[in-house]
Each structure stands twice: as structure tokens, then as C-alpha cells.
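Below you'll find the structure, written out as C-alpha cells, and then a few comments.
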Amino acid sequence: KSFYDCELTFLTKQEILLAHKRFTELVAKEDRNDPSPRVPMSKILTLPELKSNPFRKRICHVFSTSESKDGSLTFEDFLDLLSAFSDSATLEIKSHYAFRIFDFDDDGTLDRGDLEKLVNCLTGETDDTRLTPEEMKQLINNILEESDIDKDGTVNLSEFQHVISRSPDFVSSFKIVL
Amino acid sequence: GPEVDMHCNTARRGNSNSRSGSKVKEEKPKKGQARRSKAKEKKKVLREQCEEECRQDEEAPKCSKNHRNEKAKTEERGDFKRKTKDSCDEERNHISSDSSSESEELSADEEESQEEKDVLTQEELEKLKEAVEEKKKLIANLRGKPWPMSKKLVTLRESQEFVEKYEGALGKGKGRKLYAYKVMMMKKWMKFQRDFENFRTACIPWEMKIKEIESHFGSSVASYFIFLRWMYGMNMILFGLTFGLVMVPEALMGRPYGSMPRKTVPRSEQAGAMDFAVLWDFGGYAQYSVLFYGYYNNQRAIGWLKFRMPLSYFLVGVGTVAYSYMVVIRTMARNANRDGGGDDTSFNFSWKMFTSWDYLIGNPETADNKFASITTSFKESIVEEQESHKDENIHLTRFLRVLANFLVLCCLAGSGYLIYFVVRRSQKFALEGLENYGWWERNEVNMVMSLLGMFCPMLFDVISSLENYHPRIALQWQLGRIFALFLGNLYTFIIALMDEINLKRREEEVVKYNMTVWQASLYNGTVDDNSTTSTIPVDPADVPRGPCWETMVGQEFVRLIVSDTMTTYITLLIGDFLRAVFVRFFNYCWCWDLEYGFPSYSEFDVSGNVLGLIFNQGMIWMGAFYAPCLPALNVLRLHVSMYLQCWAVMCCNVPQERVFKASGSNNFYMAMLLVILFLSTLPAIYTIVSIPPSFDCGPFSGKKRMYDVIQETLENDFPLWFGKVFSYASNPGLVLPFILVMILAIYYLQSTSKTYKAANMDLKKKLQTRQVQGW
């Protein structure tokens, strides 16, 4: 099985084995005998690599393949996650998943609501670090002016990828390693 | 989707070819039940496959009925490249029509036409090969597709099955064995490559340490350690070259210690030659060993291997520089490729929004810092955007900036003069004999240089507060000034060294004269015989020595590097560790909060450390020709630095408040490294080309210039025509046009790159205006 995983992900064999070890630690005892156990989102969020990430819930939702959309991950989903965030993943795959992570309402575009939620995630939870409504409006206007090429008020995937491909920091910061 | 259509296409192709394949096997086409039933089975399987795939693609319309000859016609046309849903429908139609209207198949003319097509034509073979190649490419690129794992697995299995099935079919006919063998070797090679990649990533040293630092401090601090590791790799290669090709042959095959005057400690120094203080200073036994230039003999070939020592010494010196250039430029090119467009300021806000979070951060404290810095940066940019036109009191700002630059220039001039003064003083001390002076006088030069390197940057920091620049620009000015400081210091040091070299060369004349006098005094009393009788045994330690400026230069560099390293480590221990201990333990009994106010824990100074690393490497490059031990010393130093600094960072430092980006600086540091490489090889090249080597030490003693060894090798070791070719090639009439052609090529490439950039901007503008106008 890990032979296939090597072909299908950007991870090396050691990384896949380490991921398997960390994943099985999270699996509940009663699910241990399940051939493809599913770990609920609350347990995934206890991983130290994700604990401090402001987008942790979105990451779980994007990579989850559960029908109930509860953000739970199987091991395959977990590998998908690590592969997209690995060092050797391509820019296309990273930007694709970044777009889906930032799309809070899952409608395929980043509209004002998504961008507002994004800014609030980035500025932290406490009140004294949040931006005032005027600053928020100004910021989102600036962003849309820069990235929205077809001026429809939203940023779609190709516009997002165009912006991201010019950025020198994206690939190196969009990384999670176990 | 396209992959579904591809499946249908290839399935269809496979269908026809499998039929033809099965036909080819049976030479005499049996118009019997067996063939038809086999074909029917295959068609059923393919039909099910095709239907399932089309079912996955929900937009596929229902299949309508069509005649089978349509399909036959399309096959004849050979139009396999159509990837439309129609072809998929046709496939299904044909298969369904096949199974339903079987009786029609039995008509003779159809069978005949089928026979014609069943022979595996070259065209169909090519097309099948293409299909297989496409499938292979799909398998190779599968990891880059943003699909969930289950879909990827299904696609992988199907593609692999297809490839395996039809690769066998492809191999029929002539060349089948070769093809199968090729396929097997390909598979083994891919597996080997994968295993090798896995092994290589496992071999990278310190990976876990750096990952830990990344999660605590973010990518900018980690970038320093990654840079350190890269330097360590490069120095290992340099060490391998100097150690393996210079030091080891001399140690194994050269004449041993004590056999020649140049290889022995002189009688006058033998008393203190083993003292630790002398050895630490690289005098005594350390000086007269393979570590320095002076030990090497100018014998043309040594040992039973006839190893050409002087040639090897020269070529290793040139080779280390060439290798360093190659590696630095290659890394720069790779970084430039990865960074893409370079500094585009048209997406400031979007980048801040989408790329500012560092996903490697795993520590809540760092995360909080990062949140705060992101918020500040948002607020700053909003304010900046609003106030970009407002510029109050521009004259005062300008005056202050000019004043600041003037102060900085004064600092630089002052430090340059100080170093020059100190080096001249040390020469004076050396002339009067070092024993009369204490430790400070002996190490004055090195200590002054290290102290200047420590305190001047702080001074520049204070001065730059006058200038009121944006923090990013202020950092660039700071880095530029520290660079100028280090460079100035280094070059002043070299100029002072040149004075010493000239002094030593004048001394040579005197010593030569003294030696003839001394030799005459030896024979004083024996019969004056002009033939070869010099059998008076003289202990090599007693022979008067010529001065050896090369060893002196090597020693100076080694001492400089050792003292620099010591200063760095001691500042680390005192500035970081003791400070952290003080803040931690005295916080309980102090008036104000030590952790938040002054002095608090220190932050890791990325740029300062990187600059220090780059300048140390510059000194290595400068001195490596005269002291082959320098790369070895550097490897040791980097190894210790890695562990010490990793420990210090995790133990005593706190994450930075302003979390700076690492990547933009990457190529900046590489560019600085390239400049330093160029500037540090210049003095070495100058000394090699213009100063005659000492007559009494080193592998080039007795020659007029060091590079004469090349000429000598060409004359003696290579056949005659080689020497002629070389002399033609080095003819100025050939070299000048070559240089001209290179300059023209550079100019041409530069102008094409400019036109590409302009075309790029043009297209971008067009795209934007097009989109705004609306489709």
C-alpha cells in the first residue's frame, strides 16, 4: 500500500511511515481494528503542528472526505493533507488547496465575506488585535483592487493562482512538516 | 471529464488492437465461433468499463444507436485523437450494437474488412504507444492533481492495468524481447531512483533540529541554519580537495619531518616549540607541518606514485575557487528560478493576506507574536497607503539622513585607520621580539578586528534611528553598512599584510647573502673542492632560514579565523546565555520586570549571523592557498557552530517580534556571497601572479612565478603537440576575439531578457484592460 502512496503523494517513505504512526496514536481505542479508521476533527486539532494554526478547522474541512462534512479525516485524507503541505509539492497544488481553505463558504470564489473572515483569522482572536470596521473595509477594497482582474467583486481560482504565483514567500510558508 | 474520454478512446483503440493482436496470433483467421465469442467477451468488458466511466461523468447523455461501420470508418481514418463525448458514446453504441446485433457480424464482407484492419499496422502501433505513454505520464503526474486519495487510487490502478495490458501487446512482432527488456529496466530504474531519493533525504544531517527550530521561530531563523548547513556541505568538498590531494600525499609520500631545513623547527625556536601558547598561535611544530605552505618541498614528483606535488598544490588552489564559483552561481540560479518574477510590488495587500501566515509555526507563543506582527503590518500598510502623498518636513528628514550617512562614513574611516595602525604596531612588536610583550600585544590585531565587528553594527543601529526609514529599508541600509565595514576592515588588513610581505622579501636578499657566508664558513678548513662533496653532516635545524612570507600570510589568516570564532562563541555565551540566566533568576528580586523591560531575553539576529558566516567564508577563500589546513578548520568550526547555536537558540532566545520573511533575502545573501568570493580571490590571485615565491620554502621555491609550474608540466609531461596547441590557444590574437564574442553574447542575452520582460508587462496590461472591459 505504501508503494501506491509514494506514487500518489509528494511524501517520502519515511514521512509516510511517520504520518501513519502519528495518525494511529490519534485513533480511538474502539476503532483500532477498523481497516480505515476515521478520526474526528477535535482529535486532529490536538496535533501540535495544527494547534496554533488559525486555519486549522478549514484545513480539516477541506481535506475531509466524510459525507457528514464534520471535518473528520481518514488516513488517506491525512496523507493528502501532508502531501499538499509538503516541501516538494508543486505551486499548483498548494495554491489550489490554499484557495479552498480560504473559501470559508465553499462557493468556489472568495467574496467579501470570505475575505473578512480571513482577516479576522489572521489578526487573532482577541479584541485589541482586531481591525476596526473602517480599516477592514479599506483593506478589502485594496485587496480586491489588486487581485480581482475581472472586477466582479470576488476572487476566483485563476485570479488567486495568478496572485500567488508571483509571490516569493508562498511556497516556503505554506508548509507543514510532522 | 477528459480522463474518462481518454479511457474510452484507449479502450476503443485497445479493443481494435486486441482484436488485431488476437488475429495476428492466429495466422489463419478462423471464422469460427471461438473468435467471435472472445471478441464478444472483450467488447462486453470494455462496454461495462466505458459505461461505468461515463456514469461517473454525470453529464454524459444517453447512448443512441449507431452502426458499427461508423466506428470502423473512424478507425480507418485513424482519428484517435478526438477526445469528445461523442467518441465515447460511439464506443458504447458500437459495443452495444455489437452485442445486440450479432447476426449482422457474420456477414462476410464485414469480416473481410475486419481482417484487413486486424493486421497491426505501423500507424496503429504508434498510436497505441502514444496512448501508453500518455497513461504513464498521467501516472507520473498523479500526485500533482488536487483529487482526494480514493479517486487518485482508482485512476492509478486503472492506468497501471491499462499500461500492463497493452505494453505486452505492443511488444509483438520484431523487437518484442528488446522492448520488454527495456520496459523492465525502466521499471527497475524508477524504483532505484525512488529508493535513492528516500535514502538521500534520510541522509541530510540535522534535519530534525532545523525542523524543531522552524516550528518555534518560523522560517526566517531556520533559514540561517539551512544556510549554515549548505555552507558546511560546500566546505566539506573543499576540505576533501585540500586534504586528499595536498595534505595526505605530502604526509605519506613527501620527505618526513626533520629531513630538510624547511621541514624542521629551527634550533632557536626549538625550546618553546611544544608549548601550548605557541601551538595555539600556530607557531612551533604546527608551523612546520603539512598545515602550512612552507613545509612543502619543491620536488617535482614525490613517492613511488610520482605524484606531482607542486602541480597538485596549484591546481587544488585553482579548483577550490572554481568549485565555489560554480556552486554559488548554481544555487543563485536555482533560487532565482523558484522566486519567479522578483520584486513585484503590485500585490502588496494580497500577499500580506494570503501568504503571510507561516504554517510551520507550531508554538502558541510564536503564533501570538505572528498575529501581532500581521496586525501591525496590516495597519501600517493601510496607513501608508493613505499617507503615501503626505510628506511633512522633507528638508529636515533629508538633512538628518545626510548627517547619518556622514557619521557612518566617519565610523568606517575610523575603523579602517585603527586596523592599519594596529597592524603596523604588531609589525614593530614582531621586529623587537614577541617575548617581551604580553598576550594583548600579541593578539592585538585579531582582537581589534573582532571587537570592531561586534560594536560598530550597534553604533550603526543607533545612528539609523536618526534616519526615520521604513523598517525594511532601514534593514537594507544596516546590512549594507555592516557589509562595507567588514569589507573595509578586511582590505585594510590585507594592505597591512602586503607591507609585511614586502618587508620579508627585502629580508630575503639579506638572508641569501648571509647563507653564502655561512656555507663558506662550513668549508673553512677542508679542501676547497668545486665538485659534489658536501658530505659535512649539518643538522637541518641549524641551517639558517630564508623568510617565508607565504607561511606568514597563512598564519595570519588562521589566527584571525580562530580569534573570530572565539569572539563569536564568547559573545554568544555572555550576550545570550548569561543574559538569559540573569533575567530568569534575578527577576524575582529586581525592581522592574526584567523579562519585559530591559534587558529581557535576546532575539536571534539573523542578518548579523548570516553576514558573519559569509565573511568568515571569505577569509577562508583568501587564505586557503597559503594554509591548506583552513578548510579543515572551517569544517570543524561550522560543525561546532551548528550544535552550539541550535542549543543557544532553543535555550536562550525568544521568537522575534517583527517576524521577517526569509525568502526574499535568500538570493540577497547568495549575491553577497558571490561578491565576497570575487573580492577574496582577488588578493590571492594578485600575489600568485605578481610576487615571486620565497626561495627557501614551499612547493614553488626556486621558480620565478608560481604559475610557472603549469608551463613546466606542459613541457615535460605532455606530448609536444599539446604544448603547441596550448601556446596557440593562449595567443592574445585568439583570446581577445573570444572575450569579444562572450561580451556580445552577454549583451544579446541581456537585451532579449529585457524584451521578454516588456512583453510580459504588455500582456499583463492587456489582460487587465480586457477583463475590465468585460467579455
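Just so it is clear, none of the values below were taken in a lab; they were calculated from the coordinates. None of the values given here were measured: they were computed from a predicted structure. No Cβ is skipped: glycine too gets one built from the backbone with ideal geometry, and neighbour counts run over all protein chains shown.
Report the calculated FRET efficiency for B:Arg506 and A:Lys175 (r = Cβ-Cβ distance, R0 = 56 Å), to the nearest 0.05.
0.40
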Peptide A:80-90 - average C-beta neighbours from other chains (10 Å radius): 2
Contour excess over end-to-end distance, with Cα ends at B:Met447 and B:Trp304 and 0.36 nm allotted per residue: 46.9 nm
Virtual spin-label span in nm between B:Gln750 and B:Arg194, 7 Å along Cα→Cβ: 4.9
Gain in span if fully extended, B:Lys145 to B:His395, counting 0.36 nm per residue against the direct Cα distance: 84.3 nm
Neighbour-count order for B:Ile688, A:Ile140, fewest beta carbons within 10 angstrom listed first: B:Ile688, A:Ile140
Residue-averaged beta-carbon neighbours from other chains (10 angstrom radius) around B:140-146: 6
Integer Hz, Karplus 6.51/-1.76/1.60 couplings in order for the stretch A:154-161, x for Gly and Pro: 9, 9, 8, 4, 5, 5, 4, 5
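Quick check on my link table: of A:Lys57/B:Lys352; A:Lys94/B:Lys766; A:Lys175/B:Lys145, which ones sit more than 25 Å apart, alpha carbon to alpha carbon? Walk me through the intermediate numbers first.
Numbers: A:Lys57/B:Lys352 21 Å; A:Lys94/B:Lys766 27 Å; A:Lys175/B:Lys145 18 Å.
Table pairs above 25 Å Cα-Cα are A:Lys94/B:Lys766.
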Exposure proxy order (Cβ contacts within 10 Å, fewest to most) of B:Lys512, B:Lys152: B:Lys512, B:Lys152
The stretch A:53-105, Rg to Rh (Cα coordinates; Rh as Kirkwood inverse mean 1/r): 0.95
Label-point separation in nm, B:Glu712 to B:Val741, each point 7 Å along Cα→Cβ: 3.4
Centroid-to-centroid separation of the stretch B:419-498 and the stretch B:735-767 [C-alpha atoms, Å]: 41
Likely footprinting exposure, B:Leu409, A:Leu157, B:Leu360, fewest C-beta neighbours within 10 Å first: B:Leu409, A:Leu157, B:Leu360
Cα-based radius of gyration of the stretch B:561-696 once divided by 2.2 N^0.38 Å, which approximates compact folds: 1.39
FRET efficiency, B:Leu403 to B:Thr121 (Cβ-Cβ, R0 60 Å, nearest 0.05): 0.10
Net lengthening on full extension, B:Ala336/B:Ala729 (0.36 nm per residue, minus Cα-Cα): 138.0 nm
Approximate spin-label separation A:Ser88-B:Val675, in nm, with each point projected 7 Å along Cα-to-Cβ: 3.6
Long-range tail of P(r) for chain A (Cα pairs > 25 Å, %): 39
Residues whose placed amide H lies under 5 Å from that of A:Thr74, excluding near-sequence neighbours: A:Val39, A:Thr65
Computed Rg/Rh of the stretch A:1-60, alpha carbon atoms with Kirkwood Rh: 0.99
Which listed pairs, of A:Lys51/B:Lys209; A:Lys43/B:Lys191; A:Lys13/B:Lys177; B:Lys137/B:Lys177, have C-alpha distances above 30 Å, in listed order: A:Lys43/B:Lys191; A:Lys13/B:Lys177
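For B:Arg267 and B:Trp440, what does the FRET efficiency come to when R0 = 35 Å and r is the distance between their Cβ atoms, rounded to the nearest 0.05?
0.75
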Average partner coverage of B:370-382, which counts Cβ from other chains inside 10 Å: 5
